[in-house]
1. Can you tell me how many residues within segment 58-74 are surrounded by 18 or more Cβ atoms within 10 Å (Cβ to Cβ) and part of a loop (DSSP other than H, G, I, E, B)?
2. Name the residues in segment 4-52 that are surrounded by 10 or more Cβ atoms within 10 Å (Cβ to Cβ), without any contact (Cβ under 8 Å) to a residue 60 or more places away in the chain and among the polar types (S, T, N, Q), would you?
3. What are the residues in segment 118-134 that are farther than 20 Å from residue 42 by Cα, of a type in the set (A, V, I, L, M) and either over 11 Å from the mean Cα position of the chain (by Cα) or in a strand (DSSP E or B) (or both), if any?
4. List the pairs whose first member sits in segment 113-141 and is farther than 25 Å from residue 81 by Cα, whose second member is surrounded by 17 or more Cβ atoms within 10 Å (Cβ to Cβ) and among the acidic types (Asp, Glu), and whose Cβ atoms are under 7 Å apart, counting only residues at least 6 apart or on separate chains?
5. Does segment 29-38 contain at least one residue that is over 19 Å from residue 128 (Cβ atoms), in contact with a Lys or Arg (Cβ under 6 Å, 6 or more places away or on another chain), of a type in the set (Gly, Ala, Ser) and modelled with pLDDT of 95 or more?
6. If you check every pair at least six apart or on different chains, which have Cβ atoms under 6 Å apart with a residue in segment 72-98 that is closer than 20 Å to residue 120 by Cα first and a residue that is among the polar types (S, T, N, Q) second?
7. Going residue by residue through segment 48-57, is there one that turns out to be in a helix (DSSP H, G or I) and under 23 Å from residue 138 (Cα atoms)?
8. Mind checking which residues of segment 113-135 are buried (at least 19 other Cβ atoms within 10 Å of the Cβ) and of a type in the set (Ser, Thr, Tyr)?
Amino acid sequence: MANPLTELFPKLKGGNHRVTSPRDCAYNCVAWAAGKTDAWWDHLFGYWPNNASRDGSIAAYADMFASLGFELCATPQYEQGFEKIAIYGGDGGQFTHVARQLSSGLWTSKLGSLEDIEHHDLASISVPDYGRPVRFLRRPK
């Protein structure tokens, strides 16, 4: 039987990821990156922090995460004492996804209404619909 995750994300292979929770449509990658599982965070519908731009751009999402204490940083490399996120974008500068770095240095993503996964690198979920990592932010733990 085909694995829906590897059909959607062909770079997810064998030992480079693991499912860490079942499917759940109550929250998405933005909420997950913010450390929340009680609401769907989206610039068009669902929860969105007050005073955050709702234009759907990478910059708007970066500003929204800045309102949660994140600051821009140069790389996705693990830094002791910091929590990092990677914002993905597609052509045209629109936000597509966000992943959060774990204390192990691995990454975690909530894949829409599908499962949460732990993945070894950011490229493993880089596909056209999810874009590619374009901006990195961090905040003190």
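The values are calculated or read from the model by the stated rules, or taken from the named source; none is laboratory data. Computed from a predicted structure; not experimentally measured. Glycine also receives a Cβ, built like all others from the backbone with ideal geometry; neighbour counts cover every protein chain displayed.
1. Counting residues in segment 58-74 that are surrounded by 18 or more Cβ atoms within 10 Å (Cβ to Cβ) and part of a loop (DSSP other than H, G, I, E, B) gives 1.
2. Selection gives 6, 37.
3. 123, 127
4. Taking only residues 6 or more apart or on different chains, not a single pair turns up.
5. Checking segment 29-38: at least one residue is over 19 Å from residue 128 (Cβ atoms), in contact with a Lys or Arg (Cβ under 6 Å, 6 or more places away or on another chain), of a type in the set (Gly, Ala, Ser) and modelled with pLDDT of 95 or more.
6. Filtered contacts from segment 72-98: 84/101; 88/96; 89/96.
7. no
8. 124, 130
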